[in-house]
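Any read-out appearing in this document is the output of simple, stated calculations on the displayed coordinates, not a laboratory observation. Here the structure is a predicted model, which is why all the values come from computation and not from measurement. Neighbour counts are summed over all protein chains in view; Cβ atoms, including those assigned to glycine, are modelled from backbone coordinates with ideal geometry.
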Amino acid sequence: MANNDWKDRLNIVYSTNPDFKYETYEEEETETLPKQQQKLRVALDRKNRGGKTVTLITGFIGTEDDLKELGKTLKSKCGVGGSAKDGEIIVQGDFKERICKMLVEMGYTQTIMKG
């Protein structure tokens, strides 16, 4: 029996083709690179943030869970808020040097400070 869960076949109402197979679009997550191969960039950013400064960490390649875990660790060590999504970690405030030092200590040896 074919999987006929309605969530998997959104936007398809009905097909008269007896050989029709519903296509499901599952995005494959990329495998997380080892810490030594991650090329992280740490920079300050003020654009579209109401003049508030944030520390932006970009260049992470891996699963969303690993990104959120790294973001959670950095935010808790700095004692501030932020977010982690779409390959970016945003930490509220100016913590560029501190975060860069922490990342190198954690094993992210290819970390670069920009700006």
Exercise. In sequence order, what are the phi-derived ³J(HN,Hα) couplings for region 88-104 according to the Karplus relation 6.51 cos²θ - 1.76 cosθ + 1.60 with θ = phi - 60°, rounded to whole Hz, with x for glycine and proline?
Worked result: 10, 10, 10, 10, 5, x, 9, 10, 4, 5, 5, 5, 4, 5, 4, 5, 5
Problem set entry | Simple label model, 7 Å out from Cα along Cβ direction - ILE61 to GLN110, nm | 0.6 nm
Problem set entry | Highest to lowest packing among 53-59, 41-47, scored as the average C-beta count within 10 Å | 53-59, 41-47
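How much length is gained on full extension from LYS101 to LYS77, taking 0.36 nm per residue of separation minus their Cα-Cα distance?
7.5 nm
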Exercise. Reachable lysines from LYS35, Cα under 27 Å, same-chain residues fewer than 8 places away excluded?
Worked result: LYS68, LYS72, LYS75, LYS77, LYS85, LYS96, LYS101, LYS114
For this session: Calculate one ³J(HN,Hα) per residue across region 63-80 by plugging θ = phi - 60° into the Karplus curve 6.51 cos²θ - 1.76 cosθ + 1.60, and present them in order as whole Hz with x for glycine and proline.
Result: 6, 5, 5, 5, 5, 5, 5, 5, x, 4, 5, 5, 5, 5, 5, 8, x, 9
